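Step one of this worksheet: look at the structure below.
Any read-out appearing in this document is the output of simple, stated calculations on the displayed coordinates, not a laboratory observation. This is a predicted model, so every value here is computed, not measured. Cβ: placed from backbone, ideal geometry, glycine included. Neighbour counts: every protein chain shown.
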Amino acid sequence: MESGGEALLTSVESHPLLEVPQNTAVVQFQERIDDGGVEVLHFLWLVAAGEGYELLQAAAHKGLKGLKVAPFYGCQILRPSKLLGFEDPDRPESLERIIEACGGEAIDYPAKIKCCGFPIIQAREEVALAELIQPIEQAMEAGADAMVTPCPLCHLSLDAWQSKLREQTGRDFAMPVLHLSQLIGVAAGLESSELKFKRHVVSLDPVVEKLTV
């Protein structure tokens, strides 16, 4: 970013192909982004490298105590890679770096870069759930204690829709799912109440118990 510019931090995937509502203030702000006056940074990008990564290492003083965490990138934060240019969409490693910096063990599995099914859940629920079950099932088979995602919509899908998977398959996956900001908060020593764990559909008690042993 050039000197004197501004940065916009977001936890929602954003890139130039996204359309914005035709609201005057929004359009004007979008023009400033297009002109290079504002650099859009996803929270993941901020803490995965450079000064943000160094600050993360310093803040994660409590650590995850070896908690086995399966990263889930989803599809949009990595693509279109030619426009975003942050990392290889087929072999990302930013979440793994963050997990390890926080004292956890990153669990690898193929479906971590797949779609969570959110875009089509209303129109084609069965297809969406077929997408959703892959990362959850693979993470469990790989021995993960929890999953983490930087995408709010992926977090909603992975957490809230496990109940839909239970109805469809008869299996209770009970896989705890953390948003990236919560994972960092845990490593930094924030309390469960501060991180709003009670708002989750799938209980995070197993994660809390492992971290308090």
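Given the options L129, L158, L211, name the one that is surrounded by 13 or more Cβ atoms within 10 Å (Cβ to Cβ), under 29 Å from A49 (Cβ atoms) and more than 16 Å from the chain's Cα centre (by Cα).
Numbers: L129 fails: under 29 Å from A49 (Cβ atoms); L158 fails: more than 16 Å from the chain's Cα centre (by Cα).
Being surrounded by 13 or more Cβ atoms within 10 Å (Cβ to Cβ), under 29 Å from A49 (Cβ atoms) and more than 16 Å from the chain's Cα centre (by Cα) holds for just one of L129, L158, L211, which is L211.
What number goes with the only condition from (1) of a type in the set (D, E); (2) surrounded by 18 or more Cβ atoms within 10 Å (Cβ to Cβ); (3) free of Cβ contacts under 8 Å to residues at least 12 places away in the same chain that D172 does not pass?
All conditions are met except number (2).
Just to be sure, is P206 out of contact with any helix residue (DSSP H, G or I) (no Cβ under 7 Å at 6 or more places or on another chain) and either in contact (Cβ under 8 Å) with a residue 60 or more places away in the chain or not acidic (D, E) (or both)?
Working: out of contact with any helix residue (DSSP H, G or I) (no Cβ under 7 Å at 6 or more places or on another chain): yes; either in contact (Cβ under 8 Å) with a residue 60 or more places away in the chain or not acidic (D, E) (or both): yes.
It is true that P206 is out of contact with any helix residue (DSSP H, G or I) (no Cβ under 7 Å at 6 or more places or on another chain) and either in contact (Cβ under 8 Å) with a residue 60 or more places away in the chain or not acidic (D, E) (or both).
Listed here are the residues, each with its yes/no results for (1) within 16 Å of the chain's Cα centre (by Cα); (2) more than 23 Å from D205 (Cα to Cα).
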position	(1), (2)
L67	no, no
D88	no, yes
S94	yes, yes
A106	yes, no
K114	yes, yes
I136	yes, no
A142	no, no
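Yes or no: the stretch 117-126 includes at least one residue that is buried (at least 21 other Cβ atoms within 10 Å of the Cβ) and in contact with a Phe, Trp or Tyr (Cβ under 9 Å, 6 or more places away or on another chain). Let's see the steps before the verdict.
We begin by selecting, within the stretch 117-126, every residue buried (at least 21 other Cβ atoms within 10 Å of the Cβ); these are 117-118.
Now drop any that are not in contact with a Phe, Trp or Tyr (Cβ under 9 Å, 6 or more places away or on another chain), which leaves 117-118.
Yes: the stretch 117-126 contains one or more residues that are buried (at least 21 other Cβ atoms within 10 Å of the Cβ) and in contact with a Phe, Trp or Tyr (Cβ under 9 Å, 6 or more places away or on another chain).
Which of the residues spanning the stretch 59-91 are over 23 Å from P176 (Cα atoms) and of a type outside the set (A, V, I, L, M, F, W, C)?
Listed by number, the residues that qualify are R79, P80, S81, K82, G85, E87, D88, P89, D90, R91.
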